[in-house]
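Here is the structure we will look at, set down as structure tokens.
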Amino acid sequence: MKNFDIYEFKKNLKTKYIGKELIYFNKIDSTNDEALRIAKEKVANGTIILAETQTSGRGRGSKKWLSPYGGLWFSIILKPKINPSKISIITLLSGLSVAETIKEILNLDVKIKWPNDVLINNYKVAGIICESEILKNKIKKLVIGIGINLNIDKEDLEGLDIRATSCKIRLGNEVNREEFLAHFLQKFENYYSKMMVFSELEYILNKIRKIIIPIGSNIEIKTESEKLSGYAFDLANDGSLLIRINNQIRALTSSNIEYIRIKK
Ligand code: BTN
């Protein structure tokens with residue numbers, strides 16, 4: 001398998017600052033762990049840590065994230081001067097950027113599953129984990145970890161306890177990872193700069209609303225503390241999921257969700 005070509009990536013990259021610094025590893029424990037380790041140092045806002053493979057890739061809720069060669073496993077270090085309550089929006093706009101990149105470059109139909117999964121035909125193709133350190137209501141470190149099953153073979157996904165797929169499986173051919181990442185980062189930078197402006201945030205949320213699951217469905221949700229059943233009807237402006245339970249409205253934040261099941 002061809003290694004990630006930094007020169008080709010830089011040729012494709014049209015961003016102002018996201019991805020201008022790229023730290024590359026052949027093998028690492030987790031790009032998120034490395035990003036969190038170095039975020040304190042003098043690293044530029046928008047630095048990317050990318051690895052061909054991870055030995056301890058992490059998903060949400062202390063799940064393992066399988067990271068064989070061929071995927072895109074990377075983390076973005078951000079230094080935003082925003083209220084920590086906006087972090088959920090960054091997770092969502094990362095999902096939107098992954099979904100639109102898959103649609104635009106590969107012409108595959110994609111959905112976002114609130115809050116952090118990207119699905120093709122109900123099979124997970126990418127996941128996002130946002131990790132931060134907050135002190136006195138200020139974000140000290142923010143790391144967005146993104147895992148995209150690009151050129152992953154079917155055998156590599158066997159044994160997983162979730163329904164997963166890859167772009168290669170769906171397309172029948174390999175994807176240019178350098179072009180894909182450059183395209184994604186441009187989208188991400190654009191949405192990320194727009195989210196600070198209220199009217200633009202509404203525009204981004206409306207794009208997400210069009211492709212997000214489970215809005216419009218009856219669902220069962222398990223949080224750390226309770227199991228709920230209700231009807232998911234919208235996204236709130238802070239990225240929480242609005243559900244109706246016996247005529248009462250609850251706003252669920254993504255932080256403590258264990259699973260969401262759609263009821264038939
Ligand atoms: C999830 O769906 O649970 C989130 C998966 C996030 C995986 C990525 S791969 C790059 C980065 N490094 C990690 O250890 N995790 C994230």
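Using the charge dipole of the range 83-175 (Lys, Arg: +1 at Cβ; Asp, Glu: -1 at Cβ; taken about the Cα centre), state which of 84, 151, 172 has its Cα farthest towards the positive end.
So the residue we want is 84.
Once the Cβ-Cβ distance between residue 26 and residue 194 is put in as r, and R0 is 51 Å, what FRET efficiency do you end up with, to the nearest 0.05?
Numbers: r = 35 Å, r/R0 = 0.69.
So, using R0 = 51 Å, E works out to roughly 0.90.
What distance in nm separates the two pseudo spin-label positions at residue 244 and residue 262, each 7 Å out from Cα along the beta-carbon direction?
1.9
Can you pull the percent of the chain's accessible area that's carbon plus sulfur, 1.4 Å probe, other chains left in place?
Working: 6110 of 12990 Å².
Heavy-atom surface of the chain belonging to carbon and sulfur, 1.4 Å probe: 47 percent.
Leaving out ligands and nucleic acids, note down the accessible area per residue over the range 180-247 with a 1.4 angstrom probe, in whole Å².
Details: 3110 Å² over 68 residues.
In whole numbers, the range 180-247 has 46 Å² accessible per residue.
In the range 191-207, whose amide N lies under 17 Å from the spot 7 Å out along Cα-to-Cβ of residue 45? List them in ranges.
191-198
So how tilted is helix 177-194 from the main axis of the chain? Cα-based, degrees 0 to 90, rounded to 10.
The two axes meet at around 50 degrees.
The values are calculated or read from the model by the stated rules, or taken from the named source; none is laboratory data. Treat the numbers as computed from the prediction; the structure is a model and nothing was measured. Methodologically, a virtual Cβ is constructed for each residue, glycine included, from the backbone with ideal geometry; neighbour enumeration extends over all protein chains shown. With ligands, DNA and RNA removed, areas are computed over all heavy atoms of the protein, side chains included. Shrake-Rupley method; radii C 1.70, N 1.55, O 1.52, S 1.80 Å.
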